[in-house]
Amino acid sequence: MSRLRVFADDAPGLPRLTTSDATEVAEQLAVIGVGFEQWEASQPVQPGDAPEAIMAAYREDIDRIVYANGFRSIDVVSIAADNENREAMRAKFLDEHFHKEDEVRFFVAGSGLFTLHVEDKVYEVLCEAGDLISLPDRMTHWFDMGPEPSFVAIRFFTEADGWVGHFTGTDIATRFPRYEVGAARE
């Protein structure tokens with residue numbers, strides 16, 4: 001189940017808001033310009049399916065998002081717990097950064113934790129299968145796939161060079177909880 005927790009940026013142990021209601025998650029995130037939707041596949045898909053099959057299962061929603069936002073490329077990324085590069089891959093996203101384009105991810109399977117830093121608040125968004133999150137360009141955030149990552153996601157890009165992170169150099173991400181599957185439900 002997806003979840004949103006909102007913290008003061010100086011109080012990582014005390015959430016001001018916790019909700020797993022998808023409508024409330026979307027409403028709270030909309031206030032800061034973040035999109036949150038839930039999609040359903042038009043046909044069964046599972047990790048290991050070909051990217052073309054995965055995208056075909058969500059074609060209507062993909063086409064709607066591409067048309068509305070002018071995305072020029074889409075891919076499917078799959079990360080499993082047995083990936084020998086998982087520690088390096090996880091570390092790449094753990095520090096606060098931003099992008100010069102929107103970051104849009106749809107979780108086909110598995111889960112990950114997006115943490116957004118907006119003014120004096122931190123929004124921790126647990127995304128799971130069926131969730132789409134859309135961060136506007138220049139929004140500071142970090143992403144944690146956990147020590148044993150397991151997810152399949154569709155990524156949307158407007159720039160040809162894809163994911164480019166611009167790191168802020170702050171240590172805020174180290175002060176907030178990391179993603180441990182199961183532990184994030186508390």
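What follows draws every value from the coordinates through simple rules; no lab data is involved. Being a predicted model, the structure only gives us computed values, none of them experimental. Methodologically, a virtual Cβ is constructed for each residue, glycine included, from the backbone with ideal geometry; neighbour enumeration extends over all protein chains shown.
Whole percent per 5 Å bin, from 0 to the bin with the longest distance: what is P(r) over all C-alpha pairs of the range 3-178?
Answer for the range 3-178: a P(r) of 1, 8, 17, 21, 22, 17, 9, 3, 1 percent.
Select from the range 31-106 those trypsin sites (Lys or Arg not before Pro) which occupy a DSSP coil region and have at most 15 other Cβ atoms within 10 Å, ordered by residue number.
When the trypsin sites (Lys or Arg not before Pro) of the range 31-106 are filtered for loop state and at most 15 Cβ neighbours within 10 Å, ARG72, LYS100 remain.
Once phi is turned into θ = phi - 60°, what whole-Hz ³J(HN,Hα) does the Karplus curve with 6.51, -1.76 and 1.60 give for every residue of the range 141-152, x standing for Gly and Pro?
Listing the rounded values in order: 6, 8, 10, 10, 8, x, x, 10, x, 7, 7, 10 Hz.
For a quick check, take a GNM of the chain with Cα springs below 10 Å and name the residue from ALA153, ALA91, ALA109 with the largest mean-square fluctuation.
ALA91
Just to confirm a number: summing +1 for Lys and Arg and -1 for Asp and Glu over residues other than GLY110 whose beta-carbon lies under 11 angstrom from that of GLY110, what do you get?
Residues close to GLY110 contribute a combined charge of -3.
I'd like the Karplus ³J(HN,Hα) series for the range 19-35: coefficients 6.51, -1.76, 1.60, θ = phi - 60°, whole numbers in Hz, and an x wherever there's a Gly or Pro.
Rounded to whole hertz, the list is 8, 10, 7, 4, 5, 5, 4, 4, 5, 4, 6, 4, 4, 9, x, 9, x.
Given the convex hull of the Cα atoms of the range 72-163, what is a quarter of its surface area in nm²?
So the mean shadow area of the Cα hull is 5.6 nm².
What does the convex hull of the alpha-carbon atoms of the range 1-62 project to on average, in nm²?
Hull-based average projected area comes out at 6.0 nm².
Net charge near THR23, counting Lys/Arg +1 and Asp/Glu -1 over other residues with Cβ under 15 Å of its Cβ?
Net local charge, THR23 excluded: -4.
Specify the angular offset, from 0 to 90 degrees and rounded to the nearest 10, of the alpha carbon long axis of helix 59-69 from the longest principal axis of the alpha carbons in the chain.
With both axes taken from Cα atoms, the answer is about 60 degrees.
Give the value in nm², to one decimal: projected area of the alpha carbon convex hull of the range 116-186, averaged over all directions.
6.0 nm²
Would you mind ranking TRP39, TRP142 so that the residue whose beta carbon has the fewest other beta carbons within 10 Å leads the list?
So the ranking, lowest neighbour count to highest, is TRP39, TRP142.
Order by neighbour count: TYR123, TYR67, fewest other Cβ atoms within 10 Å first, most last.
Taking fewest neighbouring Cβ atoms as first place, the list is TYR67, TYR123.
Helix-only estimate, please: 222 nm mean residue ellipticity of the chain, summing -39500 (n - 2.57) across DSSP H runs of length 4 or more and dividing by its residues, to the nearest 500.
-5500 deg cm²/dmol
How high is the relative contact order of the chain, in percent, with contacts defined as C-alpha pairs under 8 Å that are six or more residues apart?
This gives 28 percent for the chain.
By counting other Cβ atoms within 10 Å of each Cβ, how are MET145, MET55, MET89 ranked from fewest to most?
Final ranking by Cβ density, sparse to dense: MET89, MET55, MET145.
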